[in-house]
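J.: Take this structure, written in structure tokens, and hold onto it; I'll ask about it next.
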2 protein chains.
Amino acid sequence: MTLVLQSFRLLIADLCQQFGMGHPGSAIGMSAIGVALFAYTMRYSPKHPSWFDRDRFVLSNGHACLFLYANLYLTGYEKMTWEQLLSYHSERPDSLCPGHPEIEHEGVEVTTGPLGQGVANAVGLAVAGRHLGTVFNRVGAEVVRAHVWCVVGDACLQEGLGCEALSYAGHLKLTNLTVIYDNNQITCDGSVDLTNTEDVNAKMRACGWDVIDVMDGVNDVASIVAALEQGRDPKRTKPLFINIRTIIGVGSAVAGQAVAHGVPLGKDNVRAMKRAYGWDEEKIFHIPPKVQEFYHHIAPRGEKYVQEWESLLNQYSSAHPKLAQTFKSRMTGSLPTNWQSLLPSPESYPTDPTPSRKSNNLTVAKLLAESPVFMVGTADLTPSVNLTWPDYDIFNPPDLQPIAGKRGSYAGRYMHFGIREHAMAAIANGMAAWSPGTIVPITSTFFMFYLYAAPAVRMGALQRLKVVHVATHDSIGAGEDGPTHQPVELAALYRAMPNILYIRPGDSEEVAGAWLAALSHPDGPAMISVSRHAIPQLTGLTRRDGVTKGAYVLQEVPDTEGKPDVTLIGVGAELGLAVDLAKELGARGVRARVVSFPSFALFGRMGVRYQRAVLRRHEGVPAVVVEPYVSFGWERWADAGFGMKGFGHSLPGKCIYGFFGFEVGSMAGRVVGFLGEWKEGRVGRGEFVEL
Amino acid sequence: MTLVLQSFRLLIADLCQQFGMGHPGSAIGMSAIGVALFAYTMRYSPKHPSWFDRDRFVLSNGHACLFLYANLYLTGYEKMTWEQLLSYHSERPDSLCPGHPEIEHEGVEVTTGPLGQGVANAVGLAVAGRHLGTVFNRVGAEVVRAHVWCVVGDACLQEGLGCEALSYAGHLKLTNLTVIYDNNQITCDGSVDLTNTEDVNAKMRACGWDVIDVMDGVNDVASIVAALEQGRDPKRTKPLFINIRTIIGVGSAVAGQAVAHGVPLGKDNVRAMKRAYGWDEEKIFHIPPKVQEFYHHIAPRGEKYVQEWESLLNQYSSAHPKLAQTFKSRMTGSLPTNWQSLLPSPESYPTDPTPSRKSNNLTVAKLLAESPVFMVGTADLTPSVNLTWPDYDIFNPPDLQPIAGKRGSYAGRYMHFGIREHAMAAIANGMAAWSPGTIVPITSTFFMFYLYAAPAVRMGALQRLKVVHVATHDSIGAGEDGPTHQPVELAALYRAMPNILYIRPGDSEEVAGAWLAALSHPDGPAMISVSRHAIPQLTGLTRRDGVTKGAYVLQEVPDTEGKPDVTLIGVGAELGLAVDLAKELGARGVRARVVSFPSFALFGRMGVRYQRAVLRRHEGVPAVVVEPYVSFGWERWADAGFGMKGFGHSLPGKCIYGFFGFEVGSMAGRVVGFLGEWKEGRVGRGEFVEL
């Protein structure tokens, strides 16, 4: 065993030395944890990295990625060849060993790096596993047994995101989750004591976790294995936190020092390590045959796991044919074939003004009720975001005492995430990462609080995970809650973010379009952004298929009336305002067409031909956008706009539009003024005018 | 006392009933806490709301703002007239009672609402008080004694931000901070047990806090006062957390229910409350004379506090004249008069390529060392962000054992925030909010992690607090850390955000300009965005005064050469690339001028005349931007651009620019192609072209 541990540490040291870059310390310090996990405890198969019931491993301290890469190599993941392992920090753009683990590569369950994300993802994976197991397992036929193992460093425990996720996991009693604390007491700045002197074990116990200490995490593989096995003990009632004392960069001259964290140990140091171990200091990248042999049992063991599971699945299919069919369908990750038909028809929506958050419920309640693929949750805004359906069940431990008459169940699909927006989004990522499409998580909170969740939403976009975020209270129309709750600039972030669809539908019909787009989106998450307040139903004008194109012509100026004077761009909650403005302009003799523009991302994907046909700017018709956000970014599609120049104001919804000049009469006057300047050439395309 | 409590509850109930909006439940539930704080415990003066040594009160559960407004009215804050109190949720745009407390108004220390922000601000206020007291107090002349009182609900304790801030405060042993937990066990969704079953007291103890329970927080004012007095006990060694059991909406028919949280109790319910109290149910907004009398002592008591403090300050000035002079200067909040001269001259910078994070240290180390107004901290990236100065002292408890030979002190000005980016920014806001300019906090982490901190950065911008954020590793040049660390879309958020200056300086000289702009900025925070990697020094071209204008002409095409063909816009770490590209284009016969464009916000504030003179787009010269961010937002100032179309990639810094096409030869070809299309009118102004 000593040889195995030494070999691992030296491999890491050499890998960082190669190009003079990398994070050696933690990976070296965790050598024994690696052996315990990958050689002894975890149920997985290197030859079947996508095996549905594999244990999930998350390296939340993603900078220690070499820990994972080296273990993938040693245990026989086929794509992780020796050449690939050596490509860490090389100039190879096709390296499977990027600076942080990336979900695209075999053996990597989630992309980690930004601290705290991984542990929250692990909670999400455990939620997924617990839910699927509860729904599909039958006595003697447990087709979902996978355990989730997550390694964290000091950082993930300090990050607020980690605190939120661990607290929620303790509440949920996710006994299929084990968190392994690589407790080396060192961060970039030096001793953890510089900044954190809390009693971590006591804190974890207070959060509903069991805690086990392992005092020698450097060499005592047996104790680590014993602790891990307790993590998987079916008699557990709480998730397990294993506090393992390690030494960063152990064995080197900088052992236990911050400098071991993010820079190679140094040529001489690595040589000295080898000498101290009694190894040939001239040899680099040497893995002794005995060490290679040590790992030889893992691939066959994994094959056996998979074969056993497949025969279990066969038995299960015989004993529970209908359930097995559903299970297999969930494994393929496709949406129910009839999902589009579960959305209401245009004529079934109300015709009175309706808050689009309500439209959202009208649109998806049936889909959510009938499609078990969806799990839905909110960060303590259930009464505000309207995402429940009749008889929804709560995902909560069954032994929690019933609340308001409802008993929790792991089969439940509605999650009360608590006031933990960031964890909500990161946990949703983990749920989506279980297996593509098996669970489609839906989160919801006020749009403004998706700024709290933004780092996790970004990680979902980066990983192209299918998650739908429903952001309510999305404009100054949120009203009296004031500027802290009015998201004037946040859309810029989500419109600029790659892979995600940010969609602001303008009425019920457009909400249906938003869901069509979101659930058909192949490239990642979507955010559907809806209003708190009632907005007009533009029945007969709005079109769900138009939404899926990002923007479309809502009202054209008939050819008989000559060339239009202006295109008004309406968006989301203020689409009706653009329609009213067009009418007012018409009364003043201005020919105004109206374009509904719910999504930059979708419109940006359309060809130039379509874009020009919708906007007609190339014909010299200026476009004026109406949206009470800062105009930033609209310059690509508009020549002028009514927007916000600063933060909002606390005023009731009915007054706030007027307070900020969003009043049809005065707006029409300003459009007329702008068009005069436009015709005289005093303002021109490329110089966006704030109206 | 009963009458006082009843009166307060009914006042809140009536205020919400008035316009059928508002958050009554928590404010009603906290009536006894209000009396204990405002009538008995806090040292403050309603007639002197800006008294320097007043106790600071933070309502972290800002939706309960009526709690604060009613107490401000009852205790005699002059601007909080009866008419003003009644303006809560009215249509008055000049209401002093917005939906969440706002810092602009007397008696409000910080704007709160987004949950968790207030408690982190309170930690910052306590840091400021502890630091100032340590620096300025002398035996028998304690000119800074102010205590910080913060009320939190369940939400602030669940939010990751709250967890981060409370953990750090426990570590810091901020005994001048008392957190009062309005423990009503109800959130929007219902019972807290739905989502959180942790042992809050045990968790707080694990984080280094003392904990006191008050079991009857509804009526037992005496016990609350006794607990609060323990909070201020000078013999404390830890901050105090007071867990007070309250009942949301107490006294009403919806007492203890979630529905009491965010909607008025209902007309009949309020009548029933009045009947149950034995009050006249017909009377609304009735405050009995006895209750009014109860509060009469507070204003005179406050006057006395201020007078005592002023005479103390007089004694202090006699006994410690020099120190008193400094203290008074700090109270006025102006920067040292010579601060600009503490920045290096242009010729003192190195001429070799220099990472701008290093330029940053070269620029401000002297200023930081010599100006005690600055407190600096980083979220565990001290070795990376380069913001220390020789012999810097660490703000840490003095009884913490020395780390790496350094002993902490509350006089220290360097803060190790830990891996807590969000708390760092929110704590900085609190430090800045102590009193305008008395402390100017500087925070630092990787640019990408300012997404974690974004909600707090936004709150600083909303409150116009002077904080400087130094964001390092700000481009794909961050290299091998990969897409999780490469901020392709984040600048869009900070460029769109009102009040904040986001500045990307292009070399050392521009870093000096960034600091000139940041510290002269009257309207809020600034973010200076610098590179990890070495970038060329454009000595003789870059100008610090140019940076303060947001953009300026770096290289003009001489009139003798005719009209320019193109303006290249260079930004930050890639400014040198734009200069190289201009040279390459010159070799190909293309007349390219170069504009350095470090800040949208600053350039946006300049007049159209200056903007046109810099860009010359109105002359028909197209502008092409070079910045490896998504182009979103550049459409306002440019016609085409080299940007990112997706997330980044893990590759060493030296390869990554080429990988994404940022290579002068190929870029020049693409510019030539674009100019051809431009001249032929196939692309035109207003249709941004991605190159």
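The values are calculated or read from the model by the stated rules, or taken from the named source; none is laboratory data. Since this is a predicted model, take the numbers as computed values, not measurements. Reconstructed Cβ throughout: ideal geometry from the backbone, glycine too, with neighbour counts over all protein chains shown. Ligands, DNA and RNA are excluded from the accessible area calculation, which covers all protein heavy atoms including side chains. Shrake-Rupley method; radii C 1.70, N 1.55, O 1.52, S 1.80 Å.
J.: Report the rotationally averaged projected area of segment A:30-247 based on its alpha-carbon convex hull, in square nanometres.
T.: Working: hull surface 47.9 nm².
Computed as one quarter of the Cα hull surface, the answer is 12.0 nm².
J.: Run through the other copies and list how far each one's label point is from that of A:THR539, in nm with one decimal, shortest first; the point sits 7 Å from Cα along Cα-Cβ.
T.: 7.4
J.: Same structure again: Just read off the accessible area of B:CYS65 with the full protein assembly in place, 1.4 Å probe, to the nearest 10 Å².
T.: About 0 Å², rounded to the nearest 10.
J.: For segment B:112-197, what's the radius of gyration and Dmax over Cα atoms, in angstrom?
T.: Using the Cα atoms of segment B:112-197, the pair Rg, Dmax is 15.3, 52 Å.
J.: Accessible area, 1.4 Å probe, largest first: how do B:ASP94, A:ASP14 sort? Don't skip to the end; give the middle numbers.
T.: Details: B:ASP94 90, A:ASP14 10 Å².
These residues rank, largest area first, as B:ASP94, A:ASP14.
J.: Further question on the same structure: Roughly how many Å² of A:TRP389 are accessible to a 1.4 Å probe, to the nearest 10?
T.: 20
J.: Further, regarding this structure: Tell me, what is the FRET efficiency for B:SER348 and A:ASN338 to the nearest 0.05, using R0 = 60 angstrom and their Cβ-Cβ distance as r?
T.: Details: r = 72 Å, r/R0 = 1.20.
The calculated FRET efficiency here is 0.25.
J.: If you don't mind, another one. Quote the Stokes-Einstein diffusion coefficient, in whole µm² s⁻¹, for the protein assembly as shown, based on the Kirkwood radius over alpha carbon pairs, a temperature of 20 °C and a viscosity of 1.002 mPa s. Don't skip to the answer; put the middle values down first.
T.: On the way: Rh = 32.5 Å.
D, rounded to a whole number, is 66 µm²/s.
J.: Amide H to amide H under 5 Å from B:ILE180: which residues, 5+ apart in sequence or cross-chain, H placed 1.01 Å off N in plane?
T.: B:CYS150, B:VAL151, B:VAL152, B:ILE242
J.: Could you estimate the translational diffusion coefficient of segment A:339-535 from the Stokes-Einstein equation, with Rh from the Kirkwood formula over C-alpha pairs, at 4 °C and 1.567 mPa s, in whole µm²/s?
T.: Working: Rh = 16.7 Å.
Result for D is 77 µm²/s.
J.: With unit charges on the beta carbons (Lys and Arg positive, Asp and Glu negative) and the dipole taken about the Cα centre of the protein assembly as shown, which residue among B:ALA64, B:GLY540, B:PHE660 sits farthest to the positive side?
T.: Among B:ALA64, B:GLY540, B:PHE660, the one farthest towards the positive end of the dipole of the protein assembly as shown is B:GLY540.
J.: Restricting to Cα pairs below 8 Å that are 6+ residues apart, what does the relative contact order work out to for chain A? Please round to a whole percent. Spell out each step's value before the answer.
T.: Numbers: 1489 pairs, mean separation 78.3, N = 691.
This gives 11 percent for chain A.
J.: Something else: Express in whole angstrom the spacing between the alpha-carbon centres of segment B:306-377 and segment B:611-690.
T.: So the separation of the two Cα centres works out to 41 Å.
J.: Report, in deg cm²/dmol and to the nearest 500, the calculated mean residue ellipticity at 222 nm for the protein assembly as shown, where each DSSP H run with n ≥ 4 adds -39500 (n - 2.57) and the sum is divided by the residue count. Intermediate results must be reported in sequence, preceding the final value.
T.: Details: 52 runs with 527 residues, N = 1382.
That calculation yields -11000 deg cm²/dmol at 222 nm.
J.: What whole number of Å gives the distance from the Cα centroid of segment A:222-247 to the Cα centroid of segment B:213-243?
T.: 39
J.: Using the heavy atoms of the protein chains and a 1.4 angstrom probe, tell me the accessible area per residue for segment B:241-400 in square angstrom.
T.: Working: 7740 Å² over 160 residues.
On a per-residue basis, segment B:241-400 sits at 48 Å².
J.: Just how large is the dipole of the protein assembly as shown about the Cα centre, in debye to the nearest 20, putting +1 at every Lys and Arg Cβ and -1 at every Asp and Glu Cβ?
T.: Working: 124 positive and 134 negative charges, 68 e Å.
Dipole about the Cα centre, nearest 20: 320 debye.
J.: Could you list, in their original order, any pairs among A:LYS366/A:LYS549; A:LYS203/B:LYS238; B:LYS47/B:LYS290; A:LYS679/B:LYS549; B:LYS173/B:LYS203; A:LYS563/A:LYS583 whose Cα atoms are separated by more than 19 Å? Walk me through the numbers on the way to the answer.
T.: Numbers: A:LYS366/A:LYS549 25 Å; A:LYS203/B:LYS238 17 Å; B:LYS47/B:LYS290 22 Å; A:LYS679/B:LYS549 31 Å; B:LYS173/B:LYS203 16 Å; A:LYS563/A:LYS583 17 Å.
Distance filter (> 19 Å) returns A:LYS366/A:LYS549; B:LYS47/B:LYS290; A:LYS679/B:LYS549.
J.: Using a 7 Å offset from the Cα along the Cα-to-Cβ direction at both A:THR560 and A:GLU663, what is the distance between the two label points in nm, to one decimal?
T.: Simple spin-label model gives 3.6 nm for this pair.
J.: Counting only protein heavy atoms and rolling a 1.4 Å probe, how much accessible area do A and B lose on contact, total for both sides, in Å² to 100? Present the calculation step by step, with values, prior to reporting the outcome.
T.: On the way: alone 25800 and 25830 Å², together 42620 Å².
Looking at A and B, the buried total is near 9000 Å².
J.: Here's another thing I want to ask about it. Give the percent of DSSP beta bridges with both residues in chain B that are antiparallel, rounded to the nearest 5.
T.: Numbers: 9 of 65 bridges.
In chain B, DSSP labels about 15 percent of beta bridges as antiparallel.
J.: About the Cα centre of segment B:2-303, what is the dipole size in debye to 20, counting +1 per Lys and Arg Cβ and -1 per Asp and Glu Cβ, all else neutral? Please report the intermediate quantities before stating the final value.
T.: Details: 25 positive and 32 negative charges, 156 e Å.
The calculation lands at about 760 debye.
J.: For segment A:339-535, what's the relative contact order in percent, using C-alpha pairs closer than 8 Å and at least 6 residues apart? Please report the intermediate quantities before stating the final value.
T.: Details: 416 pairs, mean separation 47.5, N = 197.
Relative contact order comes out at 24 percent.
J.: Working out 0.36 nm times the residue gap between B:LYS79 and B:THR2, then minus their Cα-Cα distance, what length gain in nm do you get to one decimal? Don't jump to the answer; show the numbers that get you there.
T.: Values: separation 77, 0.36 × 77 = 27.72 nm, distance 2.76 nm.
Extra length available between B:LYS79 and B:THR2 comes to 25.0 nm.
J.: Taking all protein chains in place and a 1.4 Å probe, what share, in percent, of the accessible surface of chain B do carbon and sulfur account for? Working shown, then result.
T.: Numbers: 11140 of 21330 Å².
Of the solvent-accessible surface of chain B, carbon and sulfur hold 52 percent.
J.: Another question, then. Give the accessible area for B:LEU462 in Å² (nearest 10); use a 1.4 Å probe, count only protein heavy atoms, and leave out ligands, DNA and RNA.
T.: Probe radius 1.4 Å; accessible area of B:LEU462 about 20 Å².
J.: Related question: Evaluate the relative contact order of segment A:220-311 (contact order divided by residue number), counting alpha-carbon pairs under 8 angstrom at least 6 apart; express in whole percent.
T.: Working: 38 pairs, mean separation 11.6, N = 92.
That works out to 13 percent.
J.: Considering chain B, which cysteines have no disulfide-compatible partner, defined as another cysteine with its Cβ under 4.7 Å away?
T.: B:CYS16, B:CYS65, B:CYS97, B:CYS150, B:CYS156, B:CYS188, B:CYS207, B:CYS655
J.: Using a 1.4 Å probe and counting only protein heavy atoms, arrange A:HIS48, B:HIS533 so the residue with the most accessible area comes first. Don't skip to the end; give the middle numbers.
T.: On the way: A:HIS48 65, B:HIS533 45 Å².
From most exposed to least exposed: A:HIS48, B:HIS533.
J.: Sticking with this one: Would you kindly calculate the mean projected area, averaged across all directions, of the convex hull enclosing the Cα atoms of chain B, in square nanometres?
T.: Details: hull surface 131.1 nm².
About 32.8 nm², averaged over all directions.
J.: Counting only the backbone N, which residues of segment B:191-210 are under 18 Å from the spot 7 Å out from the Cα of A:ASP399 toward its beta-carbon?
T.: Output list for this probe position: B:193-199.
J.: Counting only Cα, what are the radius of gyration and maximum Cα-Cα distance Dmax of segment B:265-354, in Å?
T.: 29.0, 82
J.: Hey, another quick one. Cα convex hull of segment A:549-690: mean projected area in nm², to one decimal?
T.: On the way: hull surface 33.5 nm².
Dividing the Cα hull surface by four gives the mean projection, 8.4 nm².
J.: In segment A:339-535, what percentage of the DSSP-assigned beta bridges are antiparallel, given to the nearest 5?
T.: Values: 3 of 25 bridges.
Roughly 10 percent of the DSSP beta bridges within segment A:339-535 come out antiparallel.
J.: May I pose another question? With label points built 7 Å along Cα→Cβ from the Cα atoms of B:GLU91 and A:ALA319, find their separation and express it in nm.
T.: Distance between the two pseudo-spin positions: 6.9 nm.
J.: Could you size up the charge dipole of segment A:483-546 around its Cα centre, putting +1 on the beta carbon of Lys and Arg and -1 on that of Asp and Glu, and report it in debye to the nearest 20?
T.: That gives segment A:483-546 a dipole magnitude of about 80 debye.
J.: What nm distance separates the two modelled labels at A:ALA613 and A:SER520, each placed 7 Å from Cα along Cα→Cβ?
T.: With each label point 7 Å from Cα toward Cβ, the separation is 1.6 nm.
J.: Segment B:434-457: which residues show an accessible-area loss of 40 Å² or more, assembly versus chain alone, 1.4 Å probe?
T.: B:LEU451, B:TYR452, B:PRO455
J.: Leaving ligands, DNA and RNA out of it, rank A:ILE186, A:ILE503 by accessible area with a 1.4 Å probe, largest first.
T.: Numbers: A:ILE186 30, A:ILE503 0 Å².
Descending accessible area places them as A:ILE186, A:ILE503.
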